[in-house]
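Chemist: Take this structure first; my questions come after.
Derivation of every value follows stated rules applied to the coordinates shown; laboratory data play no part. If you're wondering where the values come from, they're calculated on a predicted model, not measured in any experiment. Note that we place each Cβ from the backbone using ideal geometry, even for glycine, and neighbour counts take in every protein chain shown.
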Amino acid sequence: MKRLAVLVKNEKVDAVTVSLSELNLDAVIYDVKSVGKEREQTRSGRGTSVTSSHLPRKIIAAVVDDDKVQATADAIKKSVDGKGVIIVTSVDDFIPF
C-alpha cells in the first residue's frame, strides 16, 4: 500500500476531494503553511498590514493499493491542472479499527 500526500493551494481542495471520491477513496485534510518559490503576501485589516512568507496550503492524504497509485495520481493531476505536489510513501502496516 502507498500513502499519497497532495500539497495544493486552498482553492484546489474541492477538486482533489471530488476526484478522490469518484475513485471511492477516503482522505484526510491537513492545514499547513509552506515556504517556497512564491512571493511574500501582504494582508491588511483593521488599519495594519502584515507581510508573511508562510503561505496557507492544504495536504490531502489518502492510502491506496499499489496497483491504483498511478490511476489515482493521474486523476489528482488532472483535477488540479498540474499545479501541486504529490508525495508517495510506502505504508508498511495498515491497522483499521
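Chemist: Hey, rough spin-label estimate for S21 and R46, points 7 angstrom out along Cα→Cβ, what's it come to in nanometres?
Modeler: A separation of 3.5 nm, rounded to one decimal place.
Chemist: In whole Hz, with x marking every Gly and Pro, tabulate ³J(HN,Hα) for segment 65-71 from phi via Karplus 6.51 cos²θ - 1.76 cosθ + 1.60, θ = phi - 60°.
Modeler: Going residue by residue, I get 5, 4, 6, 10, 5, 5, 5 Hz, with x marking Gly and Pro.
Chemist: Specify the residue with the greatest mean-square fluctuation among V35, V16, V64, computed from a Gaussian network of the chain linking alpha-carbon atoms under 10 Å apart.
Modeler: Evaluated over the chain, the most mobile residue of the options is V35.
Chemist: Rounded to the nearest 500, what is the 222 nm mean residue ellipticity of the chain from helices alone, with -39500 (n - 2.57) per DSSP H run of 4+ residues and division by all residues? Present the calculation step by step, with values, prior to reporting the outcome.
Modeler: Numbers: 2 runs with 21 residues, N = 97.
-6500 deg cm²/dmol, from helical runs alone.
Chemist: Could you state the angle between the C-alpha long axis of helix 13-22 and the longest principal axis of the C-alpha atoms of the chain, as a value from 0 to 90 degrees rounded to the nearest 10?
Modeler: The helix 13-22 is inclined about 10 degrees to the chain.
Chemist: Evaluate the distance, in nm, between pseudo-label points positioned 7 Å from the Cα of S34 and of D81 along their respective Cα→Cβ axes.
Modeler: 1.5 nm
Chemist: Collect residues whose amide H, placed 1.01 Å from N in the peptide plane, falls under 5 Å from the amide H of S34; neighbours closer than 5 in sequence don't count.
Modeler: L55, R57
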